[in-house]
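Colleague: I'd like to ask some things about the structure below.
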Amino acid sequence: MRWYVPFAANCHGLPPPVPERNATTSPTENEPAPDTAAARRHPALFRAVRRRQNPRLRRSDITVTDERAVRRAVRAASLGNAMEWFDFGIYAYLAGTIGRVFFPSGSETAQLLSSFATFAVAFLVRPLGGMVFGPMGDRVGRKKVLALTMILMAVGTAAIGMLPTYAAVGFWSPLLLICFRLLQGFSTGGEYGGASTFIAEYAPDRRRGYFGSFLELGTLAGYTGAAGLVTALTAWLGTDTVDAWGWRIPFLLAGPLGVVGIHLRLKLDDTPAYRKLEEGAVPAPEASDTAATAARGGLARIFREHWRTLVLCVALVGAYNITDYMLLSYMPTYLSDELHYSETHGLLVLVATMVVLMLVISQVGRLSDRYGRKPLLMTGMLSFFLLAVPAFLLVRQGGLPAVSAGMLMLGLSLVCLLGTMSAALPAMFPTPVRYGALSVGYNLSASLFGGTTPLVITALIGATGSDMMPAYYAMAAALVGVVAVACMKETARQPLEGSPPSVQTEEEAAALVRSQTTAPRF
C-alpha cells in the first residue's frame, strides 16, 4: 500500500488523504469500497483522480525556516508574554497591599478577598478579548493584533500605578482599579493565543516544542521579575512605605517595557504559515465587510466546526491554569497569610523555585519534541495528583529546607506542563482558525478556572478551616487534566493542521520530497 501525503491539499484545509490502492486491495475500515470492476477497466483514470484529490508533496509546498527569523519571533512573542505575566504577577504579589490601599478598612481577610476578587474580575473579560482579538488575528494577521494587545496591556498597567487611593477619593478608587483591570483582562484575551500561534507557525516541525518552551520561559521571567521587584521594594522601603507609595513603582515600569515589546513585534513579518494561507486560501475581504462581521463569522465557524476540540482545550487549559496560578500567584499569599511567614520570605522561596524552573524548561521542550507532547503532559498531571499532598505537608512543616522541597516538588510538576503546553495547544486547531479558536478556548478556561484560583482557595480555606485545601484543589484539577491528555492527539514532529511542512534546511526539504516519491513499477 502506498500513500500520497496531501501537504498542498492540507494547507487549504482539505480532508485527509485516501491511500492509493490497486484494484485487488481491500478497502480500509474508514474508506468506502470503490467499483472494483470499473477500477480494473480504467486503472489510469482512477489513479489520476486519486492524485488530483491527494497531490504529492512538492518542494514549493515546504517552508524552510530562517533560524534568525525564528529566534526574533520567539524573542518578540516571549517578551510580550513576560510583560503580561509581570503585570499580573505584580498584582498577585501585592495583593495584601492592594487590599489595604484600595478597599475600606476592615478585617484582613475581607480586604484580601476584595483584592483577589479584583484580580479575578480581569478574567471575566478575557473570553471577550479572545473573541474579538482571536478572529481578528486570523483575519488581518498575527503581528498587528499582538502589537495592539501589548499597547492596551501597557496602558492598563501603567494607569493602575497612577490611581488615587481609597483614602483620597473613596469609592472612586476601587471603581477605577476595576476599570483598568478590565482593560488588562481584555487585552490579555488576545495575547497567549496569538503569541503561542506566532511561535508555533514560525518554528520548524521537529523543534516546535523547544521554541514553544521559550514562551513559558517568558511567563516565568515575568513572574520572577515581579516577585523579585516586590521583594526588593519591601526589603528596601519597608511595608509602611510600600503601602504609602512604593507599590506604584512596579506598575509604572510597564510603560517603558511595553514600548520595547511593541517595537520588537512591529519589526517582524507575519508567520510563514499565515502568509501562505493568505496567498493561496483566504479570499480578499469585500469592501462591505466590517471587522465585527468578520469576527462574528469567524466565531460562528469556530463554535460550529471545532466545538469538540474547544471542549478538550478548555479542560486541558483549566487543569493547567489551576496548578499554574496556585503555585505562581497564590503561594506567596498562602505562606504569609495562612502559615504566617514574612512576605519577603515567601517571595524569596518562590523566586528561587522559578529560577530552577527557568533553567530546565527548554530541556522539557526538547524532551517533548523527542518523546511527544502527551507523555510530558501526562507526567505533569500525574505528578500534581500524586505529589500535591506530600508537597503541602512539607510546606506546613516550616523551615527553609522543607518549604523549599515542597515548592520544588510542585514546581517540577508544573514545568512539565509549562514546557509542553505552548506547542501542544496551537496544534489542536487548523491554521485558518488557529488564533481565534485557541484564544476563545484558552480564555474561557482561564476565566472560569485560572484567575479564580486564588479567590476560590482563599474562600475554601475560610469555609473549611483547612490549610490543605490548595493541595486538594490541585489534585482535582490534575485528575481532569489526566482525562484531557488521554483524549488528545499526539502532534509532535508533525506539520500543523492546515499548514505545509516546516523544516530547518533545504536538505531536509529535499529529503522529505524524496521520501514521498514512489519508485516506478515495470
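Colleague: For Q397 and R40, what is the calculated FRET efficiency with R₀ set at 56 Å and r taken between the beta-carbons, to the nearest 0.05?
Modeller: Calculated transfer efficiency: 0.15.
Colleague: How high is the relative contact order of segment 346-416? Use alpha-carbon pairs under 8 Å, at least six apart in sequence, and give a whole percent.
Modeller: Relative CO of segment 346-416 lands at 42 percent.
Colleague: What accessible area per residue comes out for segment 351-469, rounded to a whole number of Å², with a 1.4 Å probe?
Modeller: 32 Å²
Colleague: With the crude spin-label approximation of a point 7 Å out along Cα→Cβ, what separation in nm comes out for L128 versus L460?
Modeller: Between L128 and L460, the label points sit 2.9 nm apart.
Colleague: Which of the peptides 188-200, 136-148 is most tightly packed, and how do the rest follow, judged by the mean count of other Cβ atoms within 10 Å per residue?
Modeller: Going from most to least packed, we get 188-200, 136-148.
Colleague: Shifting gears a bit: Have a look at V485, T453, P470 and report the one farthest towards the positive end of the charge dipole of segment 396-522, computed about the Cα centre with Cβ charges (Lys/Arg +1, Asp/Glu -1).
Modeller: V485
Colleague: Using 7 Å Cα-to-Cβ label points, what is the I178/R58 separation (nm, one decimal)?
Modeller: Going from the I178 label point to the R58 one covers 5.9 nm.
Colleague: Need the full-extension length gain, L386 to V155, defined as separation in residues times 0.36 nm minus the C-alpha distance. One decimal, nm.
Modeller: 79.0 nm
Colleague: Let a ≥ b ≥ c be the square roots of the eigenvalues of the Cα gyration tensor of segment 319-399; is it rounded (a/c under 1.5), or, if not, prolate (a/b larger than b/c) or oblate?
Modeller: Details: a/c = 2.61, a/b = 1.84, b/c = 1.42.
Prolate is the answer for segment 319-399, as a/c is 1.5 or above and a/b outweighs b/c.
Colleague: Related question: Can you tell me which of 455-465, 68-78 comes out highest on packing, and rank the rest after it, using the mean Cβ neighbours within 10 Å?
Modeller: 68-78, 455-465
Colleague: Mind giving me the FRET efficiency for R275 and C487? R0 is 35 Å, r the Cβ-Cβ distance, nearest 0.05 is fine.
Modeller: E(calc), rounded to 0.05, equals 0.60.
Colleague: So for segment 158-227, averaging the separation of alpha carbon pairs under 8 Å that are six or more residues apart and normalising by length, what relative contact order in percent results?
Modeller: Computed value for segment 158-227: 18 percent relative contact order.
Colleague: Something else now. Give me the distance between the Cα centres of segment 107-166 and segment 452-515, rounded to whole Å.
Modeller: Result: 23 Å between the Cα centres.
Colleague: Return the subset of K276/K489; K143/K276; K143/K489; K144/K276 for which the Cα-Cα distance in this structure is over 21 Å, preserving the input order. All intermediate terms of the calculation are to be shown ahead of the outcome.
Modeller: Numbers: K276/K489 25 Å; K143/K276 15 Å; K143/K489 28 Å; K144/K276 17 Å.
Checking Cα-Cα distances, K276/K489; K143/K489 exceed 21 Å.
The values are calculated or read from the model by the stated rules, or taken from the named source; none is laboratory data. From a predicted model like this one, the values you see are computed outputs, not experimental measurements. Cβ coordinates were reconstructed from backbone atoms using ideal geometry, including for glycine residues, and neighbour counts include every protein chain displayed. Please note that ligands, DNA and RNA were not included when accessible areas were found on the heavy atoms of the full protein model with its side chains. Shrake-Rupley method; radii C 1.70, N 1.55, O 1.52, S 1.80 Å.
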